[in-house]
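Asker: There's a structure below that I have some questions on.
The values are calculated or read from the model by the stated rules, or taken from the named source; none is laboratory data. Because the structure is a prediction, the values reported are computed rather than measured. Cβ sites come from the backbone with ideal geometry, for glycine too, and all protein chains shown count toward neighbours. All accessible areas refer to the heavy atoms of the entire protein, side chains included, with ligands and DNA or RNA removed. Shrake-Rupley method; radii C 1.70, N 1.55, O 1.52, S 1.80 Å.
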Amino acid sequence: MTTEVPLTDGEGRAVHSSARAAGRWCGPCKILGPRLEKVVAKQHGKVVMAKVDIDDHTDLAIEYEVSAVPTVLAIKNGDVVDKFVGIKDEDQLEAFLKKLIG
């Protein structure tokens, strides 16, 4: 069971979130992570990133149908609205986040 927690900025406005499923042993995850963090930081609080270690949280991996890592889920209003698996370059990540925040 998971608990939905609404994400808000410092002024109480809802923000969009991106969840990254990874494993400590995952080489591509170690490449994607810093890229994704950099692109999320450029959104100035419009997007919040959560990292989930699938070895520690297999329940979430099952719930969100994560079958390979890295997997990035775009979550808006509690629903997965987009996702990708694998490594993306910064331009692709920025386009992914722009779709999320509209």
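Asker: If you check Ala50 against the conditions, is it of a type in the set (Gly, Ala, Ser), in contact with a Pro (Cβ under 9 Å, 6 or more places away or on another chain) and assigned to a strand (DSSP E or B)?
Answerer: So Ala50 fails the test.
Asker: Just name the residue that is nearest to Pro34 (Cα to Cα) out of those in region 59-84 that are without any contact (Cβ under 8 Å) to a residue 24 or more places away in the chain and open to solvent by less than 80 Å² (accessible area, probe 1.4 Å).
Answerer: Here the answer is Phe84.
Asker: Still on this model: For region 53-66, name all the residues that are touching a strand residue (DSSP E or B) at 6+ places or on another chain (Cβ under 8 Å) and either closer than 18 Å to Leu93 by Cβ or assigned to a loop (DSSP other than H, G, I, E, B) (or both). Lay out the reasoning, then the answer.
Answerer: Taking region 53-66 first, the residues touching a strand residue (DSSP E or B) at 6+ places or on another chain (Cβ under 8 Å) are 53-54, 60-61, 64, 66.
Listed by number, the residues that qualify are Ile54, Tyr64, Val66.
Asker: Filter region 85-102 for residues that are more than 18 Å from Leu32 (Cβ to Cβ) and either out of contact with any strand residue (DSSP E or B) (no Cβ under 7 Å at 6 or more places or on another chain) or charged (D, E, K, R) (or both) and give the result.
Answerer: Within region 85-102, Gly102 is the sole residue that qualifies.
Asker: In addition: I need the full set of residues from region 48-58 which are surrounded by fewer than 15 Cβ atoms within 10 Å (Cβ to Cβ) and among the charged types (D, E, K, R), in order please.
Answerer: Of everything in region 48-58, those that are surrounded by fewer than 15 Cβ atoms within 10 Å (Cβ to Cβ) and among the charged types (D, E, K, R) turn out to be Lys51, Asp55, Asp56.
Asker: Can you name the residue in region 23-47 that is part of a helix (DSSP H, G or I) and among the aliphatic types (A, V, I, L, M) and is also farthest from Ile87 (Cα to Cα) among such residues?
Answerer: Ala41
Asker: For Glu37, state whether it is at pLDDT 90 or above, open to solvent by 20 Å² or more (accessible area, probe 1.4 Å) and of a type in the set (Asp, Glu).
Answerer: In short, yes.
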